[in-house]
1. Just from its helices, what would the mean residue ellipticity at 222 nm be for the chain, if runs of 4 or more DSSP H residues each count -39500 (n - 2.57) and the sum is divided by every residue, rounded to the nearest 500 deg cm²/dmol?
2. Full extension from A83 to R13: what is 0.36 nm times the residue separation minus their Cα-Cα distance, to one decimal in nm?
3. How many Å² of accessible area per residue for the range 1-144, probe 1.4 Å?
4. Do any trypsin sites (Lys or Arg not before Pro) in the range 44-134 lie in a DSSP loop with no more than 11 other beta carbon atoms within 10 Å, and if so, which?
5. Dividing the convex hull volume of the Cα atoms of the range 19-153 by its residue count, what figure in Å³ per residue is obtained?
6. Which shape class, rounded, prolate or oblate, goes with the range 82-144 when its Cα gyration tensor gives a ≥ b ≥ c as root eigenvalues, a/c under 1.5 marks rounded, and past that a/b bigger than b/c marks prolate?
7. Extending each Cα 7 Å along its Cβ direction at A20 and S148, get the distance between those two points in nm, one decimal.
8. Taking K and R as +1 and D and E as -1, what net charge do the other residues with C-beta under 12 Å from the C-beta of R13 add up to?
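The values are calculated or read from the model by the stated rules, or taken from the named source; none is laboratory data. Because the structure is predicted, anything quoted here is derived from the model rather than measured. Please note: Cβ atoms are built from the backbone with ideal geometry, for glycine as well, and neighbour counts cover all protein chains shown. The accessibility values were calculated without ligands, DNA or RNA, using every heavy atom of the protein model including side chains. Shrake-Rupley method; radii C 1.70, N 1.55, O 1.52, S 1.80 Å.
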Amino acid sequence: PMLDARDRLLLQRLQRDGRATNAALAEEVHLAEAPTWRRVRALEECGVIRGYRALVDPSALGYEVTAFVHVRCGRHDPALEQAFEQEVQEIPQILWCHTVSGATDFLLCVVARNLREYGELISARIRSLPGVTSIESSFSLKAVKDGSLIPVE
């Protein structure tokens, strides 16, 4: 979709504050409330805005370990990959999963309350995912930039 300057402003503001009122958005983009609401609705309907959610601090819920897990699979069978991807969806400690290029097939971001829980998760769940032949973990020591704001230009 073609975005104009007002659409970009709306996206920037909503990424910073998804709970911004329509009145506040209208004031920021210098439009009346009705056309502002229509613009936001159009951005939602065309899929530019995928949804809204609360950002939760993992440590506030006791998740002290964040790991990046490189997963290799033995065979590149589409059915096996689909089964892997489906099972990953069922493990809530896996925050995200990407198919990647290079030496590994998948990159996961995983949270756990402590190293013992992480080890159990790897042994009991991740190692038994379809097609997995090897796993390498890297642990986050500090989040330097931890966000998902998409540049809107």
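1. Values: 5 runs with 52 residues, N = 153.
When only DSSP H runs of four or more count, the value is -10000 deg cm²/dmol.
2. Extra length available between A83 and R13 comes to 21.4 nm.
3. The answer is 66 Å² per residue.
4. On the way: sites: R50, R53, R72, R75, R113, R116, R125, R127; in loops: R50, R53, R75, R113, R127.
Here the sparse-neighbourhood loop sites are R50, R53, R75.
5. Details: hull volume 21.8 nm³, N = 135.
Per-residue hull volume (Cα only) is 162 Å³.
6. Values: a/c = 1.59, a/b = 1.22, b/c = 1.30.
In terms of gyration-tensor shape, oblate.
7. With each label placed 7 Å out from Cα toward Cβ, I get 1.9 nm.
8. Details: positive: R6, R8, R16, R19, R39; negative: D7, D17, E27, E28.
Neighbour charge sum, excluding R13 itself: +1.
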